[in-house]
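*Asks:* The structure that follows is given in the form of structure tokens.
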Amino acid sequence: MDLGVLFGIIGTWVLIFWALLMGGRMDIYIDVPSVILVCGASVTVMFLCFPAARLKNFIGVVKKAFFWKNSSIEKLIEDMVSYAEIARRDGILSLENTTKDIEDPFIVQGIQMAVDGTDPELIEQIMTTDLENLVDRHDTGKGMFDAIGKYAPAFGMIGTLVGLVAMLSDLSDPSSIGAGLAVALLTTMYGAMISNAIALPIADRLERRSSEEVLYKTIIIKGVMSIQSGDNPRIVEQKLRTFLPPSQRPVEDKEAA
């Protein structure tokens, strides 16, 4: 797990609990019916937003948000250039033996189609379609947490309104109004906490992870197409390095820019 994730989670909730402790006893912030309403309704409403078949991947989406091995773009470019060198030196058919040592199935798929003599436009179309399907799956995963972040505060407000109606329906004991109002407001607090300290940060993190993976696979597509067209390895490298920030490019690329 990324250390930044641990710092974000621990730091955020430490500050929240510190604020609660500064406000008085912790037990006054606990109301089981409010927790059940906000958490339960935020989960059940997702079955209205998404097909049940998509929701079964919820745990996998959570894992992807917190446990993700960053793939080195620099290493990927070096690998694609080395494949271009092999194809340039020994012919593109020689890459068939190389695919056995490649771990990324997306690279294997592209190189194998190039080795099989598949039409370049078809190769690009197939790989681009795979990438578009990947983006769609990522959007669904992010959308789950966006939905929780959107609806949790709303259900918190509903809980507050329910509590206010119950309190105002019986004003025979004025001394109980303050306590009743405090309990009614707890659902709003729970909704805001779930939305801003859990759901929306995870959604933003998933969006960033998706962008990184899309960039990684886009470089693969461009690399495979360059290898298939027989480009010089140096040209392949220059093409792929345009995806890197200027600070990560070789000196000669910076001067050219």
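The numbers here are math on the coordinates, done by the rules we state, and not lab data. A quick note: this is a predicted structure, and the numbers were derived from the prediction, not measured. Neighbour counts are summed over all protein chains in view; Cβ atoms, including those assigned to glycine, are modelled from backbone coordinates with ideal geometry.
*Asks:* Within 10 Å, count the other beta carbons around each residue, average over each peptide in 97-108, 151-162, 196-207, and list them highest first.
*Replies:* Result, highest mean Cβ count within 10 Å first: 151-162, 196-207, 97-108.
*Asks:* Which length gain, in nm to one decimal place, applies between Ser94 and Glu74 when the Cα-Cα distance is subtracted from 0.36 nm times their residue separation?
*Replies:* The Ser94-Glu74 span can extend by a further 4.8 nm.
*Asks:* Relative to the Cα centre, what is the charge dipole magnitude of the stretch 1-155, using +1 at the beta carbon of each Lys and Arg, -1 at the beta carbon of each Asp and Glu, and rounding to the nearest 20 debye?
*Replies:* 1000
*Asks:* Exposure proxy check: Tyr29, Tyr83 ranked by fewest other beta carbons within 10 Å?
*Replies:* Tyr29, Tyr83
*Asks:* Checking the table Lys64/Lys150; Lys69/Lys150; Lys75/Lys217; Lys75/Lys222; Lys69/Lys217 against a 18 Å threshold on Cα-Cα, which pairs fail?
*Replies:* Lys64/Lys150; Lys69/Lys150
*Asks:* Using the Cα centre of the chain as origin and beta-carbon charges of +1 (Lys, Arg) and -1 (Asp, Glu), tell me which of Cys39, Ser71, Thr129 is placed farthest towards the positive end of the dipole.
*Replies:* So the residue furthest toward the plus end is Cys39.
*Asks:* Then there's this: Can you compute the charge dipole magnitude of the stretch 31-256 about its Cα centre, using +1 on each Lys and Arg Cβ and -1 on each Asp and Glu Cβ, nothing else charged? Give it in debye, rounded to the nearest 20.
*Replies:* 500
*Asks:* Of (i) 1.19; (ii) 1.00; (iii) 0.96, which is the value of Rg/Rh (Cα atoms, Kirkwood Rh) derived from the coordinates here?
*Replies:* Matching the structure shown: (i).
*Asks:* Looking at the chain, do any whole DSSP H helices span at least 18 angstrom along their long axis by alpha carbon and average 0.0 or above on Kyte-Doolittle, and which?
*Replies:* 3-22, 120-168, 177-194, 200-228
*Asks:* Taking +1 at the Cβ of each Lys and Arg and -1 at the Cβ of each Asp and Glu, which of Thr98, Thr160, Val236 sits farthest along the dipole of the chain towards its positive end, judged by Cα position relative to the Cα centre?
*Replies:* Thr160
*Asks:* How long is the gain from Ser169 to Phe7 if the chain were fully straight, where each residue apart is worth 0.36 nm and the alpha carbon distance is subtracted?
*Replies:* 53.8 nm
*Asks:* Moving on to the next point. By per-residue mean of other Cβ atoms within 10 Å, what is the highest-first order of 11-18, 224-231?
*Replies:* 224-231, 11-18
*Asks:* With runs of 4+ DSSP H residues as the only contributors, calculate the mean residue ellipticity of the chain at 222 nm using -39,500 (n - 2.57) per run, divided by the residue total and rounded to the nearest 500.
*Replies:* Result for the chain: -24500 deg cm²/dmol, rounded to the nearest 500.
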